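Only one structure is covered here, and it is reproduced in the block below.
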Amino acid sequence: MTRHIEIFEYNAFTEQPFAGNPAGVVTDASGLEDDTMQRIARQMNLAETAFLVPPSVPNADVRLRWFTPAMEVELCGHATIAAFTAAAERGVFPVAEDQVRELKVETLSGVLRIRIARRDGRPEVTMQIPVPTFEPLELDRDAFASLWGATASDLAGEWLVHTGLNYWYVPAPDQKLLQSLTLDVERLAQIDSTAAFTFWTTDTIDAGSDWHLRFFAPFHGVAEDIVTGSAQGPMGVVCLRSRGGAAQNGWSELRGEQGDCLGRPGRVRVRVLQEDGTISDVEIAGGAVPMLEGRIRL
């Protein structure tokens with residue numbers, strides 16, 4: 001029997017068409033097999049496609065799964081923003097004007113808090129991400145920098161690895177150096193074929209931003225991502241760490257940039273909660289713009 005699946009494409013972390021990061025969204029993926037979801041993600045050929053399915057644990061309202069064209073991944077920010085914007089607009093999780101709806105969402109990264117607000121007729125989604133942990137990134141700096149067309153002195157500063165996701169964070173001095181980086185997948189695979197790579201600078205495009213970054217995940221099926229929530233959220237912790245000084249209790253509000261060099265600028269709001277010098281909560285937030293809708297025939 002032929003089954004038709006409704007599917008949408010939303011651009012996340014933007015309020016403008018043709019900007020931000022596109023994600024596929026299936027708001028009702030109940031009954032779909034893993035292989036079918038992977039095939040749909042490959043057909044969409046976007047960085048990620050998100051699928052909402054019934055939860056498998058009692059304390060969750062819904063389960064969310066993310067697939068790149070190559071694999072299922074543990075965490076994805078932009079496709080989450082897209083998925084719950086679509087869910088709000090399509091009546092799956094409706095939210096009234098000036099109201100906030102909070103959900104518990106089952107993911108491969110645990111049960112996460114999602115809030116959907118509606119302001120001026122548009123949903124805005126806030127996503128909790130697991131609190132990241134970092135360790136110094138120990139490797140041959142000269143050899144690694146050379147893979148990107150840079151030198152170790154070009155990329156001076158603290159190099160870190162997000163131990164949970166194996167995301168590497170490397171600072172760049174300015175936009176010029178950041179935008180000059182080039183990806184060499186074959187040589188990178190000889191160093192680590194599971195990592196993803198975040199390069200960042202405080203030399204921002206907008207005066208109100210705290211950092212600008214580029215994110216490369218060739219071993220996850222995404223050569224360079226446009227706007228990456230799962231890298232932007234932890235970047236809030238990296239940014240506060242780089243500033244030093246005494247830790248302040250309460251929420252810190254930060255803003256990250258990405259995607260400009262790809263012609264698709266996006267902006268991510270990041271919130272980091274510190275309590276007695278310990279980071280206890282991290283959130284990312286943004287909106288999404290509907291671009292396409294249709295049906296896939298199975």
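The values are calculated or read from the model by the stated rules, or taken from the named source; none is laboratory data. Predicted, not measured: the structure shown is a model, and the values here were computed from it. Reconstructed Cβ throughout: ideal geometry from the backbone, glycine too, with neighbour counts over all protein chains shown. The protein model used for the area step is the full one, side chains on, heavy atoms only, and it has no ligands, DNA or RNA in it. Shrake-Rupley method; radii C 1.70, N 1.55, O 1.52, S 1.80 Å.
I'd like to verify a number: residues in the stretch 88-109 that are farther than 22 Å from Val26 by Cβ and either assigned to a strand (DSSP E or B) or open to solvent by less than 40 Å² (accessible area, probe 1.4 Å) (or both), how many?
2
Give the residue that is farthest from Val289 (Cα to Cα), with candidates limited to residues of the stretch 110-136 that are open to solvent by 20 Å² or more (accessible area, probe 1.4 Å), at pLDDT 95 or above and not in a strand (DSSP E or B).
Thr133
Which residue pairs have Cβ atoms closer than 8 Å, lie 6 or more positions apart in sequence or on different chains, and pair a first residue in the stretch 85-101 that is without any contact (Cβ under 8 Å) to a residue 40 or more places away in the chain with a second residue that is open to solvent by less than 70 Å² (accessible area, probe 1.4 Å) and among the basic types (Lys, Arg)?
Every condition considered, the pairs that remain are Ala88/Arg118; Val95/Arg118; Ala96/Arg118; Glu97/Arg118; Asp98/Arg118; Gln99/Arg118; Val100/Arg115; Arg101/Arg115.
Quick grid of which residues meet (1) touching a Phe, Trp or Tyr at 6+ places or on another chain (Cβ under 7 Å); (2) within 27 Å of Gln43 (Cα to Cα); (3) not β-branched (Val, Ile, Thr):
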{"site": "Gln232", "(1), (2), (3)": "no, yes, yes"}
{"site": "Leu240", "(1), (2), (3)": "no, no, yes"}
{"site": "Val270", "(1), (2), (3)": "no, no, no"}
{"site": "Arg295", "(1), (2), (3)": "no, yes, yes"}
{"site": "Leu298", "(1), (2), (3)": "no, yes, yes"}
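Please tell me if Met291 is within 21 Å of Ala47 (Cβ to Cβ), assigned to a strand (DSSP E or B) and either in contact (Cβ under 8 Å) with a residue 60 or more places away in the chain or open to solvent by less than 10 Å² (accessible area, probe 1.4 Å) (or both).
Working: within 21 Å of Ala47 (Cβ to Cβ): yes; assigned to a strand (DSSP E or B): yes; either in contact (Cβ under 8 Å) with a residue 60 or more places away in the chain or open to solvent by less than 10 Å² (accessible area, probe 1.4 Å) (or both): yes.
Spelling it out, Met291 is indeed within 21 Å of Ala47 (Cβ to Cβ), assigned to a strand (DSSP E or B) and either in contact (Cβ under 8 Å) with a residue 60 or more places away in the chain or open to solvent by less than 10 Å² (accessible area, probe 1.4 Å) (or both).
Across the stretch 148-165, what is the number of residues that are closer than 27 Å to Glu74 by Cα and surrounded by 13 or more Cβ atoms within 10 Å (Cβ to Cβ)?
Initial filter on the stretch 148-165 (closer than 27 Å to Glu74 by Cα): 148, 158-165.
Going one step further and asking which of them are surrounded by 13 or more Cβ atoms within 10 Å (Cβ to Cβ), we end up with 148, 158-162, 164-165.
Qualifying residue count for the region: 8.
Go through the stretch 153-204 and give me each residue that's assigned to a loop (DSSP other than H, G, I, E, B) and touching a His at 6+ places or on another chain (Cβ under 6 Å).
Answer for the stretch 153-204, where residues must be assigned to a loop (DSSP other than H, G, I, E, B) and touching a His at 6+ places or on another chain (Cβ under 6 Å): just Thr204.
Kindly establish whether Phe219 is in a strand (DSSP E or B) and among the hydrophobic types (A, V, I, L, M, F, W, C).
Against the criterion (in a strand (DSSP E or B) and among the hydrophobic types (A, V, I, L, M, F, W, C)), Phe219 does not qualify.
So, Thr49, is that one open to solvent by less than 50 Å² (accessible area, probe 1.4 Å), touching a helix residue (DSSP H, G or I) at 6+ places or on another chain (Cβ under 6 Å) and modelled with pLDDT of 95 or more or not?
For Thr49, the condition - open to solvent by less than 50 Å² (accessible area, probe 1.4 Å), touching a helix residue (DSSP H, G or I) at 6+ places or on another chain (Cβ under 6 Å) and modelled with pLDDT of 95 or more - is met.
What residue, among those in the stretch 244-272 that are closer than 17 Å to Thr133 by Cα and out of contact with any Ser or Thr (no Cβ under 6 Å at 6 or more places or on another chain), is surrounded by the most Cβ atoms within 10 Å (Cβ to Cβ)?
So the residue we want is Val270.
Of the residues Thr202, Thr278, only one is among the polar types (S, T, N, Q), more than 23 Å from Thr151 (Cα to Cα) and open to solvent by 60 Å² or more (accessible area, probe 1.4 Å); which?
Thr278
With respect to Ser193, determine if the residue is open to solvent by 40 Å² or more (accessible area, probe 1.4 Å), farther than 19 Å from Leu178 by Cβ, of a type outside the set (A, V, I, L, M, F, W, C) and touching a residue at least 40 places away in the same chain (Cβ under 8 Å).
Against the criterion (open to solvent by 40 Å² or more (accessible area, probe 1.4 Å), farther than 19 Å from Leu178 by Cβ, of a type outside the set (A, V, I, L, M, F, W, C) and touching a residue at least 40 places away in the same chain (Cβ under 8 Å)), Ser193 does not qualify.
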